[in-house]
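The values are calculated or read from the model by the stated rules, or taken from the named source; none is laboratory data. The structure displayed is predicted, hence computed values, not measured ones. Please note: Cβ atoms are built from the backbone with ideal geometry, for glycine as well, and neighbour counts cover all protein chains shown.
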Amino acid sequence: MEEQHLKLDSYRWVVLAVFMLINIMVQVLWICYAPVAMLAAAAYKVRREDIDLLANMFMLIYLVVSIPASWAIDTYGFKKAVGFGAVLMGTFGMLRALFPTNYTMAIVGSIGISIGQPFLLNAFTKFAAVWFPPKQRATITGVIFLALFLGIGLGEVLGPGLVATYGFDGMQLIYGIASAISALLFVVLARAKPLVPASPPGEEVRALVLDSLKQILKDRNVYVLSLALFLASGIVNGVFTLINGLGMELSLTVNQSMLLTALLLLGGIVGSIVIPLISDMLERRKIILLISVFLAVPATLGIVLGRGLIIDTICFFIMGFAVTGVTPVAYQYGAEITFPAPEGTSNGIFALVVQASGFLIVLMDALRGTFHHSYIPSFVGLAVLLAGAAFLMMMFLSESPKMTRSSKSSQA
């Protein structure tokens, strides 16, 4: 098989490192106000809800900018498009740092960072396709996903300590300088492509962006997988976001809620490494996607209906492992089934679906009063819908043609 004889550029690890670094920092800048929300509100002299807006606008702006960002990634290439997003992040991250108690500048800075974010998040499969051979791409996409968890974790953990030691202004300055340095490192060290292509001859050919979008939207697999991703991501994001209210319903203490949230995050980290690696080793996508989505159903029901810390511990970990861990495989599967559509376009479609799942949280909040101030019926309903989506996947989802060809070549 030609892929086995490809000579890979060792510089790919440098590009991977700086790409992960900017993705870590954009997540830090997104989440950094959450653990110190009351202190931030006092520093900016605004309401707590105004601080939440700084984070919420990331999702809203992503929905608008995602497709244009994917177009830019596919049109101008990995280095230029991601570099543009990194420069936006570094510039507007420093803007927030230079005006640490000016809420207007915080809004402007957050808008700038939010516009840059899709140029980073939508390039995962593009990077994997340009720098790594097909058999390693789901694994590498999973590795890049670790940057998102590391960024969220660092933003949550470091904030209170930095504010206690250096004050709110000091925290802002540290994050601003870190974002600027990470952007500079990417611009200086990243390359557009390796010296020798990482794909067999002919695989680097891609369709025009607008033609590819039409092709993607005609593919039944895209709609089936998007439905499952939308529901599963909505459940996970809902648990993360609504953990305080949900924890009260489940009679959890604050420490128990924090522990279970950490386990959800840990499950996602472990899953992002293990699940893509297994998928690449087995050269299978569909069965991995199916098992993960089916696992998410009892995990969801166990979280909201189960009783006892042991059951909660298992279910929270499985939820993070199965849903967040399989997302890199879903992204890579999307890139493979929509070939020759550019990776940035397919990545952007599925990333947009994941981001749009945030509307399910709004819906759950709206329905809470209808269900006697309880989130539990909403989560049960989402679990039932997810089970239906899993059966649709089992019936209608096709295996990745690249995995099928690869498996046949290995057996030859």
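Tabulated data
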| quantity | calculated |
| --- | --- |
| Residues (more than 16 Å from LEU259 (Cβ to Cβ), charged (D, E, K, R) and more than 22 Å from the chain's Cα centre (by Cα)) located in segment 277-325 | GLU283, ARG307 |
| Whichever residue in segment 351-368 is crowded, with 19+ Cβ neighbours inside 10 Å and of a type in the set (Val, Ile, Thr) and, among such residues, is farthest from ILE61 (Cα to Cα) | ILE361 |
| Qualifying helices (runs of 4 or more DSSP H) (wholly inside segment 209-324; at least 1 residues being surrounded by 20 or more Cβ atoms within 10 Å (Cβ to Cβ) and touching a Lys or Arg at 6+ places or on another chain (Cβ under 8 Å)) | 209-217, 254-282 |
| Cβ pairs under 8 Å, 6+ apart, first in segment 281-303 and in the same structural domain as GLY388 (by TED's automatic domain parsing) and farther than 17 Å from ILE140 by Cα, second surrounded by fewer than 19 Cβ atoms within 10 Å (Cβ to Cβ) and of a type in the set (Asp, Glu) | LYS286/GLU399 |
| Yes/no for LEU88 being modelled with pLDDT under 90, in the same structural domain as TYR33 (by TED's automatic domain parsing) and either surrounded by fewer than 16 Cβ atoms within 10 Å (Cβ to Cβ) or not polar (S, T, N, Q) (or both) | no |
| Residue within segment 122-142 that is of a type in the set (Val, Ile, Thr), free of Cβ contacts under 8 Å to residues at least 60 places away in the same chain and either closer than 28 Å to GLY268 by Cβ or not in a helix (DSSP H, G or I) (or both) present | no |
| Test: residue in segment 168-177 that is of a type in the set (A, V, I, L, M), surrounded by 20 or more Cβ atoms within 10 Å (Cβ to Cβ), farther than 22 Å from ASN347 by Cα and at pLDDT 90 or above | yes |
| Only one of ILE61, ILE73 that is at pLDDT below 90, outside the structural domain of ILE361 (by TED's automatic domain parsing) and part of a helix (DSSP H, G or I) | ILE73 |
| Selected residue (only one of SER374, SER346 is assigned to a helix (DSSP H, G or I), polar (S, T, N, Q) and touching a helix residue (DSSP H, G or I) at 6+ places or on another chain (Cβ under 7 Å)) | SER346 |
